[in-house]
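To start, the structure itself, in structure tokens.
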Amino acid sequence: MYKIVKKKSLNPTVTLMEIDAPLIAKKAQPGQFIILRVDEDGERIPLTVAGYDREKGTVRIIFQIVGATTEKLNHLNEGDCLHDFVGPLGVPTHTDGYKKVCVVGGGVGCAIALPIAEKLHELGVEVHSIVGFRNKDLVILEDEFKACSDKFIVMTDDGSHGRQGVVTTPLEEMIKAGENYDLVITIGPLIMMKFVVKTTKPYNIPTTVSMNPIMIDGTGMCGGCRLTVGGETKFACVDGPDFDGFQVDFDEAMKRGAMYKEFERKAYSEACN
Ligand code: FES
């Protein structure tokens, strides 16, 4: 059993938890994920590691309440336990050998982008961060991004905080202004990552995307997380979650993601009733 040692609401639909899991805390790296089950009969959900404290032996997760399982998870409190917490899984984000990197996060994807920005900053890389949200009530981790970024821009769709518009606008402005990024890393909704890739491709700036499809076993056996990268089938759980954004078939990934929407909506409304 894995105890919840801290719980904090970051906005009305996003929650942070720190879980007592010393073995995972010892090994976890930015970009990797865990799979958890709330209880014995629960479904397995993957969540990317949003931070870790090797001394305290805790792993931080940040999740959006989007379905039945995240709703159940959000009902737990400090002192309660998770039935399973398995990891770290997946390949860590590659962070060595860069001089200047732009990290582009969208919505709850910023929770995954933050430890990557922090690690790059620790390594002495110049980090520019651009984060986007629908409105000011949904903004998370702003101070944390500011602390590890040489440049920081926050965008909201409605202009209620930061600049109004989408993340690709300042990204393109900065590229055109001569910021010679040797990498762009983007994490967020598929549609956002697709457009980040469209923005960087004409300038040939290597772009890493973090794919978070439906996962079941997290070990490369079930095929649930498959996606097409460079014309080949890859499994996000063992080959990713990071991939070369120029090679990912986003349209297929979006279609696969939409397949389970109705099922998830039903399960969610049952969990809420
Ligand atoms: Fe089953 Fe990746 S989750 S193959």
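Restricting to Cα pairs below 8 Å that are 6+ residues apart, what does the relative contact order work out to for the chain? Please round to a whole percent.
After rounding, I find 17 percent.
Determine which lysines satisfy two conditions relative to residue 136: a Cα distance under 22 Å, and not lying fewer than 8 residues away in the same chain.
Answer for residue 136, where 22 Å is the Cα cut-off: 7, 8, 146, 151, listed by chain and number.
Along the principal axes of its C-alpha atoms, what lengths does the chain span, in descending order and rounded to whole Å?
Taking max minus min along each principal axis of the Cα atoms, the chain gives 53, 39, 37 Å.
For the range 54-66, what does the Karplus curve 6.51 cos²θ - 1.76 cosθ + 1.60, with θ = phi - 60°, yield as ³J(HN,Hα) per residue in whole Hz, taken in order and with x for Gly and Pro?
Rounded to whole hertz, the list is 5, 6, 6, x, 10, 10, 9, 10, 10, 9, 9, 7, 10.
Counting only Cα, what are the radius of gyration and maximum Cα-Cα distance Dmax of the range 1-155, in Å?
Rg and Dmax of the range 1-155, Cα atoms, are 15.4, 47 Å.
Given the alpha-carbon gyration tensor of the range 133-184, what are the semi-axes of its equivalent ellipsoid in whole angstrom, ordered largest first, with each equal to the square root of 5 times an eigenvalue?
So the equivalent ellipsoid measures 21, 15, 7 Å along its semi-axes.
Taking a cut-off of 17 Å between Cα atoms, list the aspartates and glutamates near residue 100, but don't count ones fewer than 8 places away on the same chain.
Straight-distance partners of residue 100: 118, 122, 126, 150, 172, 173, 179, 182.
Can you tell me the mean projection area, over all orientations, of the convex hull of the range 100-210's alpha carbons? Units nm², please.
The Cα convex hull of the range 100-210, projected and averaged over all directions, gives 5.9 nm².
For the chain, set up a Gaussian network in which alpha carbons nearer than 10 Å are linked by springs, and say which option among 176, 234, 194 fluctuates the most.
Evaluated over the chain, the most mobile residue of the options is 176.
For the pair residue 164 and residue 6, what calculated FRET efficiency results from E = 1/(1 + (r/R0)^6), where r is the Cβ-Cβ distance and R0 = 41 Å, to the nearest 0.05?
0.75
When the helices in the chain are scored as -39500 (n - 2.57) per DSSP H run of 4 or longer and the sum is shared across all residues, what 222 nm value do you end up with, to the nearest 500 deg cm²/dmol?
-8000 deg cm²/dmol
Among 191, 130, which comes first, second and so on when ranked by fewest other beta-carbon atoms within 10 Å?
Result, fewest neighbours first: 191, 130.
Please list, short to long, the whole-number percent of alpha-carbon pairs of the range 2-89 in consecutive 5 angstrom bins beginning at zero.
3, 16, 28, 29, 18, 6, 0
If you plug each phi of the range 119-131 into the Karplus form 6.51 cos²θ - 1.76 cosθ + 1.60 with θ = phi - 60°, what whole-Hz ³J(HN,Hα) values come out, in order, with x for Gly and Pro?
Values per residue, Gly and Pro as x: 5, 4, 4, 4, 7, x, 6, 6, 10, 10, 10, 10, 10 Hz.
What is the magnitude of the charge dipole of the range 100-210 about its Cα centre, with +1 placed on the Cβ of each Lys and Arg, -1 on the Cβ of each Asp and Glu, and no other charges, expressed in debye to the nearest 20?
Charge dipole of the range 100-210: 380 debye, to the nearest 20.
All of the numbers you see were taken from the coordinates with simple rules; none came from a lab. On a predicted model such as this, the values are computed, not experimentally measured, just so you know. Cβ sites come from the backbone with ideal geometry, for glycine too, and all protein chains shown count toward neighbours.
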